[in-house]
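Colleague: For reference, the structure I am asking about is given below.
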Amino acid sequence: QVQLVESGGGLVQAGGSLRLSCAASGSIVSFNAMGWYRQAPGKQRGLVASVTRTGRITLVDSVKGRFTISRDNAKNTLSLQMTNLKPEDTAVYYCYGDLYIGGQRYWGQGTQVTASS
């Protein structure tokens, strides 16, 4: 059984920073792609950032220059450093990981990020 556990969400004023973390626990596995999605009230869940096992990074345009994604393959951890947060970044953020063997996707439970204006 694999679990992804997120931490680091919270409430900040617009312009502030937060760092989200995601750690895998349970069975020893390797992930190929890992990343973050977010879902705001009344909106669909959408990709924010992803990073492959080899380090290829994808960021959506709205967070480029503000968010940084990183991972530690040895520790099976994932981070999202968010700076200059805007009210429109307010959402529940979910981490995910795609198994290297088999490709099954696992999700974290979600963590709330609120940037107040």
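Colleague: Gln109 passes all but one of (1) touching a strand residue (DSSP E or B) at 6+ places or on another chain (Cβ under 6 Å); (2) open to solvent by 80 Å² or more (accessible area, probe 1.4 Å); which number fails?
Modeller: (1)
Colleague: Moving on. What number of residues within the stretch 64-106 are open to solvent by less than 40 Å² (accessible area, probe 1.4 Å) and at pLDDT 95 or above?
Modeller: 18
Colleague: Among the candidates Ile28, Ile101, Ile69, single out the residue that is of a type in the set (Val, Ile, Thr) and in contact (Cβ under 8 Å) with a residue 40 or more places away in the chain.
Modeller: Ile101
Colleague: Which one of Val29, Val92, Val63, Val48 is of a type in the set (A, V, I, L, M) and farther than 24 Å from Gln3 by Cβ?
Modeller: Val63
Colleague: Pick from Leu20, Leu47, Leu11: which is within 12 Å of the chain's Cα centre (by Cα) and surrounded by fewer than 14 Cβ atoms within 10 Å (Cβ to Cβ)?
Modeller: Every option except Leu47 fails the conditions.
Colleague: If you take the residues of the stretch 83-117 that are touching a helix residue (DSSP H, G or I) at 6+ places or on another chain (Cβ under 7 Å) and of a type outside the set (Ser, Thr, Tyr), which of them is nearest to Pro41 (Cα to Cα)?
Modeller: Filtering first and then ranking leaves Val113.
Colleague: With the requirement that a residue be β-branched (Val, Ile, Thr) and loosely packed, with under 13 Cβ neighbours inside 10 Å, what does the stretch 50-63 give you?
Modeller: The one that is β-branched (Val, Ile, Thr) and loosely packed, with under 13 Cβ neighbours inside 10 Å: Thr54.
Colleague: Another question, then. From the residues in the stretch 28-44 that are open to solvent by 60 Å² or more (accessible area, probe 1.4 Å) and outside any strand (DSSP E or B), which one is nearest to Asn76 (Cα to Cα)?
Modeller: Ile28
The values are calculated or read from the model by the stated rules, or taken from the named source; none is laboratory data. Since the model is a prediction, treat every value here as computed from it, not as a measurement. We place every Cβ from the backbone using ideal geometry, glycine too, and count neighbours over all the protein chains shown. Please note that ligands, DNA and RNA were not included when accessible areas were found on the heavy atoms of the full protein model with its side chains. Shrake-Rupley method; radii C 1.70, N 1.55, O 1.52, S 1.80 Å.
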